[in-house]
């Protein structure tokens, strides 16, 4: 399933996105998932918790895909 997420401003940090989209229940859970290499950005594993994501990028985690769009 693809979730469309509107980015307010220029970017959103990866850890914030996982929490805001409901894929992780807390920031700590988001940090753990990222550190364990379970999150992909545009198809590649990304372990940077505060990676800046922009509209047009896609994040995959736990069988879900989040497509970032402009607000």
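No lab work stands behind these numbers, since they all come straight from the coordinates. Here the structure is a predicted model, which is why all the values come from computation and not from measurement. Cβ coordinates were reconstructed from backbone atoms using ideal geometry, including for glycine residues, and neighbour counts include every protein chain displayed.
General remarks:
- Meets criteria (in contact with a helix residue (DSSP H, G or I) (Cβ under 6 Å, 6 or more places away or on another chain), in contact (Cβ under 8 Å) with a residue 40 or more places away in the chain and either part of a helix (DSSP H, G or I) or surrounded by 17 or more Cβ atoms within 10 Å (Cβ to Cβ) (or both)) for residue 68: no
- Scan of the stretch 54-64 for residues that are more than 9 Å from the chain's Cα centre (by Cα) and part of a strand (DSSP E or B), ordered by number: 64
- Selection of the stretch 1-53 for residues being surrounded by 12 or more Cβ atoms within 10 Å (Cβ to Cβ) and either on the phi > 0 side of the Ramachandran plot or in a loop (DSSP other than H, G, I, E, B) (or both) yields 11, 21, 23, 24, 38, 39, 46, 47, 48, 49, 51.
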